[in-house]
Every structure is written in C-alpha cells, then in structure tokens.
1. Any residue that is in contact (Cβ under 8 Å) with a residue 40 or more places away in the chain and either farther than 25 Å from Lys241 by Cβ or assigned to a loop (DSSP other than H, G, I, E, B) (or both) - is there at least one of those in region 184-198?
2. Somewhere in region 285-294, is a residue in contact (Cβ under 8 Å) with a residue 40 or more places away in the chain, surrounded by fewer than 22 Cβ atoms within 10 Å (Cβ to Cβ) and under 20 Å from Gly183 (Cα atoms)?
3. What's the number of the only condition in (1) closer than 13 Å to Val91 by Cα; (2) buried (at least 21 other Cβ atoms within 10 Å of the Cβ) that Trp252 fails to meet?
4. Taking the criterion of being of a type outside the set (A, V, I, L, M, F, W, C), at positive phi, part of a loop (DSSP other than H, G, I, E, B) and not assigned by TED's automatic domain parsing to the domain that holds Ala358, would at least one residue in region 157-174 satisfy it?
5. What residue, among those in region 299-310 that are of a type in the set (A, V, I, L, M, F, W, C) and under 13 Å from Cys370 (Cα atoms), is surrounded by the most Cβ atoms within 10 Å (Cβ to Cβ)?
6. Please give the number of the condition Pro75 fails out of (1) modelled with pLDDT of 95 or more; (2) surrounded by 16 or more Cβ atoms within 10 Å (Cβ to Cβ).
7. Based on what the data block shows, is Tyr243 assigned by TED's automatic domain parsing to the domain that holds Ser187, in contact with a Pro (Cβ under 8 Å, 6 or more places away or on another chain) and either of a type outside the set (A, V, I, L, M) or at pLDDT below 95 (or both)?
8. What number of residues within region 311-350 satisfy the criterion of being crowded, with 24+ Cβ neighbours inside 10 Å, touching a residue at least 60 places away in the same chain (Cβ under 8 Å) and part of a loop (DSSP other than H, G, I, E, B)?
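The values are calculated or read from the model by the stated rules, or taken from the named source; none is laboratory data. Note that the coordinates shown come from a computational prediction; the quantities given were computed from them, not determined experimentally. Cβ placement follows ideal geometry from the backbone for every residue including glycine, while neighbour counts extend to all protein chains displayed.
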Amino acid sequence: MPQEHRAQRGAIARRLDAVSASGIRAFFELIATTDGVISLGVGEPDFATPNRIRQAAIKSIEDGLTAYTSNYGLPELREQIANHLHRLYGVSYDPDSEIIVTTGVSEGLNLATQALIDDGDEVLASDPSYVAYMPTVVFAGGRFVSVPTNAEQGFRLNAEDVEARITPNSKAILLGYPSNPTGTVMSRPDLEAIEAVAERHDLFVISDEIYDRLVYGVDHVCFSSLPGAKERTILLGGFSKTYAMTGWRLGWVCAPTRVTDAMMKVHQYIMMSAPTAAQHAALEALRSGEEDAQGMIGEYARRRELVIKACHEMDLELVEPSGAFYAFPRVTSTGLDDQAFAEKLLLEEKVAVVPGSAFGPGGRGHVRICYAQTYELLGEALQRMSNFVTRHRNGRH
C-alpha cells in the first residue's frame, strides 16, 4: 500500500523548492542601491498611458462605475477584443463564451496552466524564455520541459526539437512570441510545423502573444489563426505593451468554450473580475488608441535601429530582434560571462542590463537590453557600454 502522506506542520509547500527567486528581481535589488543608473533592464514601456485612455478610467470612476463586472469582463470590452482579433488576424472568438478579461496576461497564463495541468503533466517551452513560464507550470503541479534554442537558429523554437522531447506525460506547448528576452518573431512556417506536432500528439498550445503589435519589418502570425489550430489553442494577449498600460494589470485569454469554462472555475474564485476602471480604460484603448499605439511602435523601431547599430560597432554577436523591445547580444567576447558583465557594467558605468542566464541555461553568455528607454538616455547608455566593452577587451580594468 502507498505510504500515507503526513503534513509537515510549519513547513513551506515542497513544490516551491523547485522554483528559485527571479534572477531579474535579484539583479534589480542591486540596481536599486546604485545612484544615477540608466536602466535598460525593466521590460515595460517608458511612455505614460495615453491621456484619452486615462480619462476614460477617470470618467468611469466619476460616474460611479466601481462595482464588480461580469466574471468574464465587461461585455462591450469582450466584444471589442473579439473585433480587434478578427480585424488583425481573421480569427473569430465568441465574446460571450470564448473570452475572459484577466488581471494581466500573468493571470491568463495562470488560468491556462491551472485548467490544463494535472500533477506530473509536462509543458514544453523554449530555452531561453520569459522568467515566469517555468514557475507558473510548477505551481500548477506540472513539469517544465525546456527545448533549447540558440543564436545560430535565431532563437526560434524548432518543431523537430519539440517533438523529440514529447513523452506520454506531455500536455501542452507554451509559446511566447515576439520573444522576451530575445526579440525573436516566429514565422508562419515555424508555427505551422509546431501546430502539426501539436495535432499529431493531441497537445494544447498556450500562445503568449502580448508583444504581437511590436514587430518591425515582419508580420505577426496569430497561432490560433492557423488552419486547425483554434480548437487546441489558448491565446493570451493584453494591453500592457501596445498601449503602455502595465500598471493597469489587464489582459485577455481566448479559448474554446470547454477550456474557458474550466478557467472560469479558477478565475471566479481567485479574482472575481478584473479591475473595473482598468476595463473601461482598455475599452477606450481598443476604440481610439490605434494612433497612440502606432506612435509608440514607431519610436521603438527607431530605438531598435540604434541598439543594433551600437551592438555591431561594439562587435557583439547579435541576432537582430524583429519584435518586442529587447536585444540579446552575446557578450563573452569581452572575457566575461553574462552575470559578471551585467554586474561590472552596473558598477563601473551605471548601466543596467539583465544577465541572459536569468531566462534559462540557453541565455548564458548573453545579456538582455531593453530599449524601452528614451532615445537620448538609450544613446548615452550604449556609449557607456561601448566604453566598458573596449576597456575589458583591452584588459584595462
């Protein structure tokens, strides 16, 4: 007979032992104690939320719209999300049953894993990847299976590599594109190959597309718009990056009704509904925020060119990013690993970047540069970084 489980009184849950504190957060504790730092670290827009969006939230409060909304979110907001996705990608979702407005994409990811994963189920995702992916899978009782990517393949997730790691316990593939931290954009052939693997093995696909609008010179392909993909896809999106609304904590999750029904069982107990004022702000963003969004995207594109040029001039190996607002150069030519590079750059030049190893073993030797910083400060930070690279290459440190 199996050994009876006995609670360890006073002990912390054992599943947390598999999760370390965020490498990003630990590094930012160091940043917080250093004066005069130019940060190319925090992954959020440097813009304020556009005024018309802020005013919509203020008006909703002044009008007394401060109660809970439907668990699913404001009906008119869900309808606008459905229209938005159909207009951009031709994919159709029923706003009444296939869309949940969430407290950020982070909650959407949590709902997806809680709804899909039983103890021991495996979720496959690229390495390097966003720092929250592995912990969220573990918190749901699952096992996170890393699929290595590298600069030689442009950090794109390869379907053959995914398939080679599928086991009888595999339940889902977790995608994040455009990628945090690499800025990689998955092409349609890449995604079609992954969809074929998911279909062959009857896997779900959780597709985190929060950076979908931040692409430069390429098209974003929504995973659920691929033929046959919608019925196995949980699509995550939101307002944080496109409309500079990180602090509003608002996103969406779209999925077949059988999946949203399951996610709602979690959402209604842990969150009830997303913040009401934020939902009214998001509604205004979808109705009238496109001009503001395009202005910010254009500025990110300008900054991206500056970063690429600077990395080339520093002779740092770089897969040129096509999306998000990150670059991920290899820095080992300086004689430093990624952790030492980031720490010394901060201490010697007061510029903050994030060690690539914070995003998984595949990030070792790289650093993440976030170019959501003003053009002038970005230029100054890159000049300081250039001085640092030159000095360390020449052994003058």
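1. Looking through region 184-198, at least one residue is in contact (Cβ under 8 Å) with a residue 40 or more places away in the chain and either farther than 25 Å from Lys241 by Cβ or assigned to a loop (DSSP other than H, G, I, E, B) (or both).
2. yes
3. Of everything listed in (1) closer than 13 Å to Val91 by Cα; (2) buried (at least 21 other Cβ atoms within 10 Å of the Cβ), Trp252 misses just condition (1).
4. no
5. Of region 299-310, the ones of a type in the set (A, V, I, L, M, F, W, C) are 301, 306-308, 310.
Filter once more, so that each one left must be under 13 Å from Cys370 (Cα atoms): 301, 306-308.
Numbers: Ala301: 15, Leu306: 14, Val307: 26, Ile308: 16.
The selected residue is Val307.
6. Of (1) modelled with pLDDT of 95 or more; (2) surrounded by 16 or more Cβ atoms within 10 Å (Cβ to Cβ), only one is false for Pro75: (2).
7. Judged against the criteria, Tyr243 is a match.
8. Residues meeting the conditions: 4.
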